[in-house]
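Student: Structure in structure tokens, see below.
The values are calculated or read from the model by the stated rules, or taken from the named source; none is laboratory data. These figures come from a predicted structure and were not determined experimentally. All Cβ positions, glycine included, derive from the backbone under ideal geometry; neighbour counts span all protein chains shown. All accessible areas refer to the heavy atoms of the entire protein, side chains included, with ligands and DNA or RNA removed. Shrake-Rupley method; radii C 1.70, N 1.55, O 1.52, S 1.80 Å.
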Amino acid sequence: MSPPGRPKGEYRSAQHEDTPVSLIDVPATPWPYPFAPGKTALVIIDMQRDFVEPGGFGASLGNDVTLLHTAIQPIANLLAAWRARGWPIVHTRESHRADLSDCPPAKRLRGEPTLRIGEPGAMGRLLIRGEPGTSIIPALTPAVGELVIDKPGKGMFWATGLHEMLHAQGVTHLVFTGVTTEVCVQTSMREANDRGYDCLIVSDATESYFPEFKAAALAMIVAQGAIVGWHTPSAVLLEAVAAPG
Ligand code: C5J
């Protein structure tokens, strides 16, 4: 499919009209993604022990957490590339205050998990800030200077102030990774799309407990002319951003 007409090679963000940047066309579905070097934040959604390791929130819902592990190395590769260039990086953690005042009963009482949010499990109280389960897995530990956002919702903008932080850094584009594709990643990407960011999701750097839901989410995102955004594999993205301009 072909992209709609866009002046090639330059982008003026609605949020930063005065700061044009040179774009890199990254091969992607449904057509090339206009990558803005230095203005594109890598977003790593909820790669915390509670979702990825046994004994956490993901497992309490009856899920096989090993299904998420294939995303770890592609995310690590992207993280290394972003760090090498000094580009912005955002890590999120789905988490709540210890008194659960930011966890609505509609969320806490939903379903039939073996343990509910706030109850003690193998990695401390489930999804509670400061407990071992909410820490990012060791392979992706945030570095000093990277944004770490504790979000009480599935989406990363709800009750976090993240939009203002990204705006302050001049970020106009977002590259999404993390878990799970159809829940927190897709919700965050849709929120970002509504706020005017150009969004790409990296197909092998995101995973779901349900492979069919991951496939459906990726298809929905790019349908109807990239209605939410683009997707591409990490190797394609890394090759495109490494190429000499
Ligand atoms: C879920 C998430 N699945 N990070 N959270 O509850 O996707």
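Student: Looking at GLY111, GLY130 in this structure, which one is out of contact with any Phe, Trp or Tyr (no Cβ under 7 Å at 6 or more places or on another chain), of a type in the set (Gly, Ala, Ser) and modelled with pLDDT of 95 or more?
Tutor: After applying the criteria, what remains is GLY130.
Student: Quickly run through region 133-146 and pick out the residues that are touching a residue at least 60 places away in the same chain (Cβ under 8 Å) and farther than 12 Å from PHE57 by Cα.
Tutor: Matches in region 133-146: SER135, ILE136, ILE137, ALA139, LEU140, ALA143.
Student: If you don't mind, another one. In contact with a strand residue (DSSP E or B) (Cβ under 8 Å, 6 or more places away or on another chain) and over 17 Å from LEU147 (Cβ atoms): is that true of ALA205 in this structure?
Tutor: yes
Student: Here is a list: PRO27, PRO54, PRO4, PRO34. Which entry is more than 30 Å from ILE117 (Cα to Cα), at pLDDT 95 or above and open to solvent by 20 Å² or more (accessible area, probe 1.4 Å)?
Tutor: That would be PRO27, the only listed residue that is more than 30 Å from ILE117 (Cα to Cα), at pLDDT 95 or above and open to solvent by 20 Å² or more (accessible area, probe 1.4 Å).
Student: Filter region 212-234 down to the residues that are among the hydrophobic types (A, V, I, L, M, F, W, C) and in contact with an Asp or Glu (Cβ under 6 Å, 6 or more places away or on another chain), then identify the one that is surrounded by the fewest Cβ atoms within 10 Å (Cβ to Cβ).
Tutor: Within region 212-234, the match that is surrounded by the fewest Cβ atoms within 10 Å (Cβ to Cβ) is PHE213.
Student: Sticking with this structure for a sec: Just a yes or no: is a residue in region 129-138 among the aliphatic types (A, V, I, L, M) and under 20 Å from TRP87 (Cβ atoms)?
Tutor: yes
Student: Only residues that are surrounded by fewer than 12 Cβ atoms within 10 Å (Cβ to Cβ) and in a helix (DSSP H, G or I): list them for region 235-245, please.
Tutor: Result: ALA242, single match.
Student: For residues that are closer than 23 Å to ALA219 by Cα and in contact with a Pro (Cβ under 9 Å, 6 or more places away or on another chain), tally how many sit in region 35-64.
Tutor: Number of matching residues: 4.
Student: Condition first: in a helix (DSSP H, G or I), open to solvent by 30 Å² or more (accessible area, probe 1.4 Å) and within 15 Å of the ligand (Cβ to nearest atom). Now tell me which residues in region 165-211 satisfy that.
Tutor: GLU182, VAL183, THR187, ARG190, GLU191, PRO211 - these are the residues of region 165-211 that are in a helix (DSSP H, G or I), open to solvent by 30 Å² or more (accessible area, probe 1.4 Å) and within 15 Å of the ligand (Cβ to nearest atom).
Student: Among the residues of region 94-142, which ones are open to solvent by less than 60 Å² (accessible area, probe 1.4 Å) and under 17 Å from the mean Cα position of the chain (by Cα)?
Tutor: Scanning region 94-142 gives GLU94, SER95, THR134, SER135, ILE136, ILE137, LEU140, PRO142.
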